[in-house]
1. Which fully enclosed strands (runs of 3 or more DSSP E) of segment 1-108 have 3 or more residues being surrounded by 19 or more Cβ atoms within 10 Å (Cβ to Cβ) and of a type outside the set (G, A, S)?
2. Can you confirm whether A38 is more than 10 Å from the ligand (Cβ to nearest atom) and either touching a residue at least 60 places away in the same chain (Cβ under 8 Å) or not hydroxyl-bearing (S, T, Y) (or both)?
3. Just need a number here: residues in segment 94-134 that are touching a strand residue (DSSP E or B) at 6+ places or on another chain (Cβ under 8 Å) and acidic (D, E).
4. Report, ordered by the first and then the second residue, all pairs with beta carbons closer than 6 Å, sequence separation of six or more or different chains, a first member in segment 118-129 that is under 18 Å from A42 (Cα atoms), and a second member that is outside any helix (DSSP H, G or I).
5. In segment 99-126, what count of residues is obtained for those that are away from the ligand (no atom under 12 Å from the Cβ) and under 22 Å from V183 (Cβ atoms)?
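We did not get these values from a lab; they are worked out from the coordinates using the rules stated. Bear in mind that the values here come from a model prediction, so they are computed numbers and not experimental data. In this analysis, Cβ positions are derived from the backbone assuming ideal geometry, glycine residues included, and neighbour counts consider all displayed protein chains.
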Amino acid sequence: MTNHKIIVAIDGHSSCGKSTIAKAVAARFGYIFIDSGAMYRAVTLFALRHQLIADGEVNREKLISMLPQIKIEFRYNPEIQKSDTYLNGENVENEIRQLPVSQNVSPVATIAEVREAMVRLQQEMGKNKGIVMDGRDIGTVVFPDAELKLFVTATPEIRAQRRYDELTAKGETVSFPEILENVVERDRIDSTREVSPLRKADDALILDNSNLTREVQLSWVIAKVEERLNGISLNDR
Ligand code: CDP
């Protein structure tokens, strides 16, 4: 039995279930799970509340100057066995998942200074390993030396349907075409931005889960983590 811990970096397109995989893997191995997208979403909520976004245009300079006023944390809630996202001490977990934030987060995430601040925090969270982080640049920028990197994708229609089901299950009234448009538009912005664009790391494994059940997908990922852990303990001998 090894005490070694690894870093699992999960990147991929919007709404393809990265967080679901990351959460399950973290629970299985007793690792910390970090949803890096929640951090960009919290910055976006801050910007919206301070009227720094109008018609999709972000007041970049003002937002950059206000970055030191933004404090983002994850606090574990043992009752529901998951972490909630806090913005300056307030639980914003629900609000950051709603459409106004989804519609504005990708432009906010193109700002280099915002990314630098978030990446610094993320690297700090992973310094002791034993972490599963999902996002867009985790395997390429945040943890380029992660022992296991996954690049997850599925067709846009399937991803939009999953997001639609998730929001309607929470009792929200949403329109499928609007969600599909948001998924496609976020992919476009995320993949074409100058700073840390979404791309597969050369050493990432591709996981197209369009036609996979959660169970099959999870067993596949767990097997990959175990392979890495066994590889480390073999090298130790
Ligand atoms: O879960 P979903 O795919 O809807 O997105 P998310 O992980 O919550 O991320 C929201 C947005 O934040 C993405 O569309 C990206 O624009 C941005 N993001 C990023 O730029 N880098 C990351 N590491 C994570 C998210």
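1. Counting at least 3 such residues, we get 7-12, 32-35.
2. So A38 fails the test.
3. Of the residues in segment 94-134, 1 are touching a strand residue (DSSP E or B) at 6+ places or on another chain (Cβ under 8 Å) and acidic (D, E).
4. Correct list of pairs: M125/I34.
5. 1
Residue by residue, here is whether (1) of a type in the set (K, R); (2) within 13 Å of the ligand (Cβ to nearest atom); (3) under 20 Å from F33 (Cβ atoms) holds:
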| site | (1), (2), (3) |
| --- | --- |
| N128 | no, no, yes |
| I131 | no, no, yes |
| G135 | no, yes, yes |
| R159 | yes, yes, no |
| E166 | no, yes, yes |
| T192 | no, yes, no |
